[in-house]
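The values are calculated or read from the model by the stated rules, or taken from the named source; none is laboratory data. Fair warning: this is a prediction, and the values are worked out from it, not measured in the lab. Positions of Cβ are backbone-derived with ideal geometry, glycine not excepted, and every protein chain shown enters the neighbour counts.
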Amino acid sequence: MAAILLIGGTIVAIGATLGGFMMGGGKPMQLIHPGEIIIIAGIATSIVLISSPFAVLTRLIKDLMTCVKGVDTTKERFTSMLQLLYEILQVGRRKGYIAMDEHIGDPESSSIFSKYPTFLADPVAVEFLCSALRPLVDGKIKPDQIDAILQTELKSKVTEANKSAETMMYLMDSMPGVGIVAALMGIINTMSDLSDPGVIAKKISAALSGTFLGIFSAYALFGPLGVLIKHNNSAAALGLDIIRVSIASFAKGLAPAMAVDVSRRALPSNIQPSGDELEELIKQIKQS
């Protein structure tokens, strides 16, 4: 679905632009001038390379691939996460924090984690859950201190994740100016030879196409991609926040069922299971 929306939206933008242009009597080939494209593409590439440390650049590539693949934001994903959290916290309640070590020490072989392959396939969420429970298992901190630690870690992860989106938004802000640079170079080229009026018209047309490409790419491509990356990052961060809320609530003394219910209430309404649904899922776990 994500790929369909991304490709479909891009096609609509290009189609509407070219369609309106052609309705006014324009010809699409009038917009294509290799020299202008090389200038704009080259400067855009240099902006990304210069403004992005290597870690941000690799993250940007990963995030652009995620834009095509999409992020799982279904109700089923978060419902499954609540079930997993209930099971792992229930172990801590019945047998003590130390009993959770066999599960967080090796999630791949855990009898609990293995029930939830979708969650297990998300290494960031698995690592966050295990590292969140580790201080409790090791007894290095007081239970009521865990929330502050997890909030700090989550804030750091969100800030790191949004670096690539910031690069895309900076690129969006820069592209109109890049288009002007391409246009000015075309005008300079035009002014160097004013002997042939026909050639002058073609050169000015080419110069203006550079401005068009810069503005179009900014607001129809790079800007939307930057916003999409932010949305994807928010969806990923929501899963981590659900983990944080559940563990922090449990550490403060709430029963596992109540701890995951607090997390349930933090979910958006379109993916939030009802209290009755969560209670039924917990009953199924107890019966299994």
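Just give me the residues in region 264-282 being outside any loop (DSSP other than H, G, I, E, B), hydrophobic (A, V, I, L, M, F, W, C) and surrounded by fewer than 18 Cβ atoms within 10 Å (Cβ to Cβ), in sequence order. Give the steps one after another, and end with the answer.
Of region 264-282, the ones outside any loop (DSSP other than H, G, I, E, B) are 264-265, 275-282.
Still in the list and also hydrophobic (A, V, I, L, M, F, W, C): 278, 281-282.
Listed by number, the list holds a single entry, Leu281.
Ala248 is checked against (1) surrounded by fewer than 17 Cβ atoms within 10 Å (Cβ to Cβ); (2) at pLDDT 90 or above; (3) hydrophobic (A, V, I, L, M, F, W, C) and fails just one. What number does that condition carry?
For Ala248, the exception is condition (1).
Out of the residues in region 125-141 meeting the condition of being out of contact with any Lys or Arg (no Cβ under 8 Å at 6 or more places or on another chain) and touching a residue at least 24 places away in the same chain (Cβ under 8 Å), tell me which one is surrounded by the fewest Cβ atoms within 10 Å (Cβ to Cβ).
Gly139
Return the residue satisfying two criteria in turn: it lies in region 108-141 and is part of a helix (DSSP H, G or I) and of a type in the set (Asp, Glu), and of such residues it is modelled with the lowest pLDDT.
Looking only at region 108-141, we keep the residues that are part of a helix (DSSP H, G or I), and these are 108-109, 113-115, 117-120, 123-138.
If we keep only those that are of a type in the set (Asp, Glu) as well, we get 108, 127, 138.
Numbers: Glu108: 87, Glu127: 92, Asp138: 84.
Looking at the filtered set, the residue picked out is Asp138.
Determine which single condition Ser274 fails, assuming it passes every other condition in (1) of a type in the set (Ser, Thr, Tyr); (2) without any contact (Cβ under 8 Å) to a residue 24 or more places away in the chain; (3) in contact with a helix residue (DSSP H, G or I) (Cβ under 7 Å, 6 or more places away or on another chain).
For Ser274, the exception is condition (3).
Output the residues belonging to region 48-85 that are in a helix (DSSP H, G or I), of a type in the set (Asp, Glu) and under 17 Å from His231 (Cβ atoms).
Of everything in region 48-85, just one residue is in a helix (DSSP H, G or I), of a type in the set (Asp, Glu) and under 17 Å from His231 (Cβ atoms), namely Asp63.
Tell me, please, whether a residue that is in contact with a Gly (Cβ under 6 Å, 6 or more places away or on another chain) and not aliphatic (A, V, I, L, M) can be found in region 36-54.
Yes: one or more hits.
Here is a yes/no grid of residues against (1) assigned to a helix (DSSP H, G or I); (2) modelled with pLDDT of 90 or more; (3) surrounded by 14 or more Cβ atoms within 10 Å (Cβ to Cβ):
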residue	(1), (2), (3)
Met172	yes, yes, yes
Gly186	yes, no, yes
Ile215	yes, yes, yes
Pro224	yes, yes, yes
Ile229	yes, yes, yes
Ala237	yes, yes, yes
Arg244	yes, yes, yes
Val262	yes, yes, yes
Gln284	yes, no, no
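Inspect all residues belonging to region 12-21 and state whether any of them is surrounded by 15 or more Cβ atoms within 10 Å (Cβ to Cβ), without any contact (Cβ under 8 Å) to a residue 60 or more places away in the chain, hydroxyl-bearing (Ser, Thr, Tyr) and assigned to a helix (DSSP H, G or I). Show your work before the answer.
Taking region 12-21 as the starting set, the residues that turn out to be surrounded by 15 or more Cβ atoms within 10 Å (Cβ to Cβ) are 13, 17, 21.
If we keep only those that are without any contact (Cβ under 8 Å) to a residue 60 or more places away in the chain too, we end up with 21.
Keeping just the survivors that are hydroxyl-bearing (Ser, Thr, Tyr) gives none.
No - not one qualifying residue is present in region 12-21.
Checking Gln30 against (1) exposed (fewer than 14 other Cβ atoms within 10 Å of the Cβ); (2) closer than 22 Å to Ile187 by Cβ; (3) free of Cβ contacts under 8 Å to residues at least 24 places away in the same chain; (4) not charged (D, E, K, R), which test does it fail?
(3)
Here's a check for you: in region 33-54, which residue that is free of Cβ contacts under 8 Å to residues at least 24 places away in the same chain and of a type outside the set (Val, Ile, Thr) is farthest from Glu277 (Cα to Cα)?
By that ranking, first place goes to Pro34.
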